[in-house]
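A quick write-up on the structure given underneath.
Any read-out appearing in this document is the output of simple, stated calculations on the displayed coordinates, not a laboratory observation. On a predicted model such as this, the values are computed, not experimentally measured, just so you know. As a convention, Cβ positions derive from the backbone with ideal geometry for all residues, glycine included, and neighbour counts pool all protein chains shown.
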Amino acid sequence: QRSHQKLIEEAPSFLPRDLMYELAEKTCELARELHYSNVGTAEFLWKDDKIYFNEVNPRIQVEHVVTEMVTGIDLVEAQLNVASNKPLDFTQEDISLNGHAIEYRINAEDPNNHFLPQNGRITHLIVPGGSQVRFDSHIYPNYVVPHNFDSLIGKLIVWGRNRKKAITLSKHALKELAISGIKTNLDLHRVIVETKDFKRGDLSTDFLSRKHITNDLEDFERKKLAAVFQLYKELNFSIQPVQNFSKQSNMWRESAKIDQIR
């Protein structure tokens with residue numbers, strides 16, 4: 001996360017299974033005590049094998065998609081049904097977790113400048129495809145990102161049979177996703193998924209600063225610029241001047257006229 005706001009979310013958690021069940025039970029107990037009957041998220045912090053309650057968000061959150069991907073439940077539909085006094089069409093026993101999902105928040109911001117929000121016109125957009133990839137966004141080519149809203153412009157979500165496969169798919173999807181015209185945190189995500197710490201799940205709220213990710217990002221961008229420059233040189237040398245056939249065709253035409261006169 002950065003600025004106390006999450007950048008990447010996963011489901012299910014890769015914490016020890018007994019700890020996951022304990023957190024789930026505490027969440028249900030909390031909901032019962034509050035007589036809560038809607039979609040919501042209970043957040044906890046885990047440090048030194050101790051659990052600390054953080055907050056409850058009584059609403060659909062940005063990261064609700066990873067839960068949908070591994071459970072197959074449409075949480076927005078469920079929320080609307082509850083608000084309409086309709087019963088849920090599933091029970092706790094019906095819920096099972098399938099595979100692993102990771103969500104990457106795509107923000108219009110400059111990670112190299114203290115994550116300063118960016119605004120401007122999107123000139124180019126390529127969205128990755130595939131049945132296991134989902135891109136939720138409102139942007140399109142020529143869309144103008146305003147300065148008076150949150151910097152979130154999209155969510156890239158991938159699903160795999162396990163966390164390792166989800167990370168592998170993430171690398172391909174992040175490479176395919178292209179947004180030009182404004183600065184985004186796309187390269188930051190590309191750097192993160194390549195780190196050993198991310199792959200083995202050594203994550204924390206201070207991950208970016210603890211692992212000096214922004215330094216790795218600068219190296220990544222320098223290498224990318226060098227690759228672009230090298231490609232430009234190779235293309236420039238390989239381009240041959242196109243022969244002008246207009247004069248030659250005129251010569252053939254004039255020759256044909258002379259033959260007709262003869």
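Structure notes:
- Greater than 30 Å apart at Cα, pairs in K175/K211; K155/K196; K50/K86: K50/K86
- Report note on the peptides 138-144, 64-70: ranked by the mean count of other C-beta atoms within 10 Å, highest first, their order is 64-70, 138-144.
- Stretched out straight at 0.36 nm per residue, the stretch from R121 to F44 would grow longer than its current Cα-Cα span by 23.9 nm.
- Placing a label point 7 Å from the Cα of L97 along the Cα-to-Cβ direction, the residues of region 195-217 whose backbone N falls under 20 Å from that point are 198-205.
- Highest to lowest packing among 145-156, 102-113, 172-183, scored as the average C-beta count within 10 Å: 102-113, 172-183, 145-156
- Estimated 222 nm signal from helices in the chain, with DSSP H stretches of n ≥ 4 weighted -39500 (n - 2.57), rounded to 500: -13000 deg cm²/dmol
- Computed from the C-beta positions of Q5 and N236 and an R0 of 35 Å, the FRET efficiency is 0.20 to the nearest 0.05.
- All-pairs alpha carbon distance profile, the chain, 10 Å steps from 0, percent: 5, 22, 29, 19, 9, 5, 4, 3, 2, 1, 0
- Charges were assigned to the Cβ only: +1 to each Lys and Arg, -1 to each Asp and Glu. The resulting dipole of region 8-211 about its Cα centre is roughly 860 debye.
- Region 1-36 versus region 67-119: alpha-carbon centroid distance in Å: 13
- Centroid-to-centroid separation of region 120-158 and region 162-214 [C-alpha atoms, Å]: 17
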